[in-house]
1. Hey, among Arg170, Arg238, which residue is surrounded by 11 or more Cβ atoms within 10 Å (Cβ to Cβ) and farther than 24 Å from Ala95 by Cα?
2. Counting residues that are of a type in the set (Gly, Ala, Ser) and surrounded by fewer than 17 Cβ atoms within 10 Å (Cβ to Cβ), which helices (runs of 4 or more DSSP H) fully inside the range 1-96 reach at least 1?
3. Does the range 110-134 hold any residues that are under 18 Å from Leu188 (Cβ atoms), more than 17 Å from the chain's Cα centre (by Cα) and in a helix (DSSP H, G or I), and which are they?
4. Among the numbered criteria (1) of a type outside the set (A, V, I, L, M); (2) in a helix (DSSP H, G or I); (3) surrounded by 15 or more Cβ atoms within 10 Å (Cβ to Cβ), which single criterion is violated by Gly107?
5. Has the range 135-150 got at least one residue that is part of a loop (DSSP other than H, G, I, E, B), away from the ligand (no atom under 13 Å from the Cβ) and over 26 Å from Ala41 (Cα atoms)?
6. Please state which one of Leu243, Leu183, Leu222 is without any contact (Cβ under 8 Å) to a residue 40 or more places away in the chain and in a loop (DSSP other than H, G, I, E, B).
7. Say whether the condition of being within 16 Å of the ligand (Cβ to nearest atom), of a type in the set (D, E, K, R) and closer than 28 Å to Pro211 by Cα is met by at least one residue in the range 100-117.
8. Return the residues of the range 196-225 that are more than 16 Å from the ligand (Cβ to nearest atom) and basic (Lys, Arg); say none if nothing qualifies.
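Every read-out reported here was derived from the displayed coordinates using simple, explicitly stated rules and does not represent laboratory data. Worth saying up front: this structure is predicted, and the values here are computed from it rather than measured. Cβ: placed from backbone, ideal geometry, glycine included. Neighbour counts: every protein chain shown.
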Amino acid sequence: KYQNLQCIASLGFGVDHILRDPDLPPGVPIARLVDASMIHAMSEYILTAVLHHTRQFDLFQQDKSLKKWQARRPLRAQNVRVGIMGLGHLGLDAAQKLRLMGFQVSGWSLTAKHVEGLTAWAGPEALEEFLAQADVLVCLLPLTRETQGILNSRTLTRLPAGAYVVNAARGEHLVEEDLLTALDSGHLSGACLDVFREEPLPESHPFWNHPRITMTPHIASLTDPKAVAPQLVENYRRVHAGLAPLHVIDIEKGY
Ligand code: NAP
């Protein structure tokens with residue numbers, strides 16, 4: 001109904017909520033946010049999740065509730081292979097920071113990447129090989145037709161036994177029942193989830209009481225109003241001046 005609409009601005013890094021609008025007018029550019037402080041916040045989250053797992057904080061917390069003093073040997077970063085799905089603004093930064101911590105880091109994206117110190121796989125044909133070497137799998141993909149439900153029984157069982165999963169991208173990436181099956185069978189050692197198919201997570205959801213799931217309520221990298229406002233103003237000015245807006249997504253690809 002906005003006849004003069006010349007740009008649609010997402011107030012987040014993702015645009016899936018906009019693309020699923022059935023009334024989306026064709027041909028109007030969609031701009032997303034890109035912000036260094038939000039990228040850094042996501043990397044903090046991913047590092048926290050990975051270190052929480054490798055330093056076995058869940059087990060120490062359980063020991064504490066039993067007043068049990070038990071020294072456990074942590075996993076050492078240099079022996080842990082972290083695989084990152086999505087090597088975009090968020091995935092690449094997290095990969096570089098994990099590498100500085102000493103982890104063996106690999107990544108998977110749509111197009112081939114050459115990043116120093118990072119083993120990179122690309123395309124659907126390389127997915128299984130990538131998964132087979134990820135002791136910790138981190139999902140930082142955009143939600144698209146191709147990535148919807150990508151964390152499912154087939155992909156989760158490709159991970160090495162005892163693998164840990166971190167999903168900080170979108171709830172629809174994960175087939176939640178398949179995660180529960182993989183955890184309960186003992187194939188996966190645990191998961192850290194920031195996003196869910198239904199948010200807020202319903203009270204009856206089995207994730208709430210699962211001992212090997214760490215959860216946060218979609219706060220991995222919150223939109224910062226101070227970052228958003230200047231980008232909206234800048235794009236408004238650019239459209240007025242007849243320039244292309246910044247950070248326009250490819251509607252066909254969906255990100
Ligand atoms: P981005 O810069 O657009 O990067 C996306 C990455 O995913 C790219 O490396 C892309 O490959 C890869 N990719 C896309 N489709 C793929 C496919 N079918 N197969 C393999 N790789 C594929 O995105 P971003 O800024 O890093 O953000 C990623 C997502 O994080 C957002 O879309 C949003 O859903 C989520 N997010 C969550 C939070 C939170 O608080 N939980 C906050 C911000 C963002 P190419 O490089 O080859 O194109």
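1. Of Arg170, Arg238, the one residue that is surrounded by 11 or more Cβ atoms within 10 Å (Cβ to Cβ) and farther than 24 Å from Ala95 by Cα is Arg238.
2. 36-54, 57-65
3. Glu128, Ala132
4. (2)
5. The answer is no; no qualifying residue exists.
6. Answer to the selection: Leu243.
7. No: the range 100-117 contains no residue that is within 16 Å of the ligand (Cβ to nearest atom), of a type in the set (D, E, K, R) and closer than 28 Å to Pro211 by Cα.
8. Arg212
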